[in-house]
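None of the figures in this text is laboratory data; all of them are computed from the coordinates on show. Quick caveat: nothing in here was measured; it's all calculated off a predicted structure. Cβ atoms come from the backbone with ideal geometry, glycine included; neighbour counts cover every protein chain shown.
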Amino acid sequence: MSCPLCKLENRAEFSSEMILHIGGPQNVDKPGVWLFPKILVCRDCGFARFMVPEAELTLLVGEPATRERLTGAGGC
């Protein structure tokens, strides 16, 4: 599979540790959500891709994942 940005196939996978915060002043008191995904990085242009597991996605969006979101029908 090639990079969706530069179309080259020079990628590497890395382990990561990150915390995602919901933006906006109304969410300042909400805790962040920890993630430990594998990240696929294009070595040519730097484009990176990772997946948010379903449990953490529910914490971020406040509702369980739907089939439309999981299959991309929701515009992702």
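For segment 1-42, run through the trypsin sites (Lys or Arg not before Pro) and keep only the ones in DSSP coil with at most 12 other Cβ atoms within 10 Å of their Cβ.
On the way: sites: Lys7, Arg11, Lys38; in loops: Lys7.
Sparse-neighbourhood loop trypsin sites (Lys or Arg not before Pro): Lys7.
Let's test the formula: R0 of 22 Å, r as the Cβ-Cβ distance of Lys30 and Leu5. What FRET efficiency results, to the nearest 0.05? Walk me through the numbers before you get to the answer.
Working: r = 31 Å, r/R0 = 1.42.
E(calc), rounded to 0.05, equals 0.10.
I need the calculated FRET efficiency for the pair Arg43 and Ile22, taking r as the beta carbon distance and R₀ as 22 Å, to the nearest 0.05.
Details: r = 31 Å, r/R0 = 1.43.
Using R0 = 22 Å, I get an efficiency of 0.10.
Please give the FRET efficiency for Thr58 paired with Glu13, using the beta carbon to beta carbon distance and R0 = 35 Å, rounded to the nearest 0.05.
After rounding to 0.05, the efficiency reads 0.90.
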